[in-house]
Amino acid sequence: MRALIVSADRFEDSELIEPAKRLRGHGVAVDVASTRCGVITGKHGQHVEVNRAIEALDASDYDLLLLPGGDAPAALRRDPAVLQLVRRFVADGKPVAAICHGPQLLAEAGVLQGRRVTGYRTVADELRKAGALYEDREVVVDGRIVTSRRPADLPAFMDAVMRMLGRA
């Protein structure tokens, strides 16, 4: 099983690092992708090695797409390759997990119409405008999409992700 985490500089540190550790701890191979290979730096100074460039990815190689929050989604939402990747995961019925500002990428990709989601409170209106049914809950699962609001929700978020992967 393989997971893909897509992020960029100024990601919310815990929302990338903790899910990666939990996935790896359950035997899931994890790749971190961004617009370029190298190192990305979180809002709180953590460094993460990017081993895949988004443009070189094939969604069919992965079983899960995970989108951490922080400022990274706002930067990535203008990249057509990122949006196409998100659309492909959703169209293929593969699990997509987004936390905090991560759901901004789902909104920009146009995959939220009629779906129940949550996210950080400051993006709630944006999610609604994208056609989502916003719920202020620690975790919302709608089909193969899992969303959460903030770092404090990580335990519930990752429990839902692991159940979806059959690794709970």
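What spacing in nm lies between the two simple spin-label points modelled at residue 36 and residue 116, each 7 Å away from Cα in the Cβ direction?
4.3
Scan around residue 102 for amide H atoms under 5 Å from its own, H built in the peptide plane at 1.01 Å from N, and keep only partners 5 or more places away or cross-chain.
Under 5 Å from the amide H of residue 102: 69, 70.
Would you kindly state how much longer the chain becomes between residue 133 and residue 84 on full extension, computed as 0.36 nm times their sequence separation minus their alpha carbon distance, in nm to one decimal?
Values: separation 49, 0.36 × 49 = 17.64 nm, distance 2.25 nm.
Extra length available between residue 133 and residue 84 comes to 15.4 nm.
Of [x] 16.0; [y] 15.2; [z] 19.4, which one was derived for Kirkwood radius over Cα pairs in Å from the structure shown?
Given [x] 16.0; [y] 15.2; [z] 19.4, the calculated one carries the label [y].
Which sequence of 47, 26 reflects their accessible areas, 1.4 Å probe, from the largest down? Intermediate values should be presented prior to the final figure.
Working: 47 125, 26 75 Å².
So the residues, ranked largest to smallest area, are 47, 26.
Per 0.36 nm of contour for each residue apart, how much would the distance between residue 46 and residue 92 grow if the chain were fully extended, relative to their Cα-Cα spacing? Before the final figure, lay out each step's value.
Numbers: separation 46, 0.36 × 46 = 16.56 nm, distance 3.25 nm.
Full extension from residue 46 to residue 92 adds 13.3 nm.
Quickly work out the residue 159-to-residue 55 label distance, labels modelled 7 Å from Cα along the C-beta direction, and quote it in nm with one decimal.
Inter-label distance under the simple model: 4.2 nm.
In square nanometres, what is one fourth of the surface area of the convex hull spanned by the alpha carbons of segment 1-41?
On the way: hull surface 11.0 nm².
If I average the Cα hull's projected area over directions, I get 2.7 nm².
Picking from 73, 95, 155, which is most flexible by a Gaussian network model of the chain using Cα springs under 10 Å?
Between 73, 95, 155, it is 155 that shows the largest mean-square fluctuation.
Which cross-chain or sequence-distant (5 or more) residues have an amide H under 5 Å from the amide H of residue 28, H modelled 1.01 Å from N in plane?
The answer is none.
Using a Gaussian network model on the chain with a 10 Å cutoff between Cα atoms, which of 107, 56, 75 fluctuates the most?
Most flexible of the set in this elastic network: 56.
From the phi angles alone, apply the Karplus equation (6.51, -1.76, 1.60; θ = phi - 60°) to segment 32-47 and give each ³J(HN,Hα) in whole Hz, x where the residue is Gly or Pro.
Each residue's phi maps through the Karplus curve to give 10, 10, 8, 5, 8, 6, x, 10, 10, 10, x, 4, 10, x, 6, 10 Hz.
The values are calculated or read from the model by the stated rules, or taken from the named source; none is laboratory data. Since the model is a prediction, treat every value here as computed from it, not as a measurement. Counting neighbours? That spans all protein chains shown, and the Cβs are built from the backbone with ideal geometry, glycine included. Surface accessibility is based on the protein's heavy atoms, side chains included, excluding ligands, DNA and RNA. Shrake-Rupley method; radii C 1.70, N 1.55, O 1.52, S 1.80 Å.
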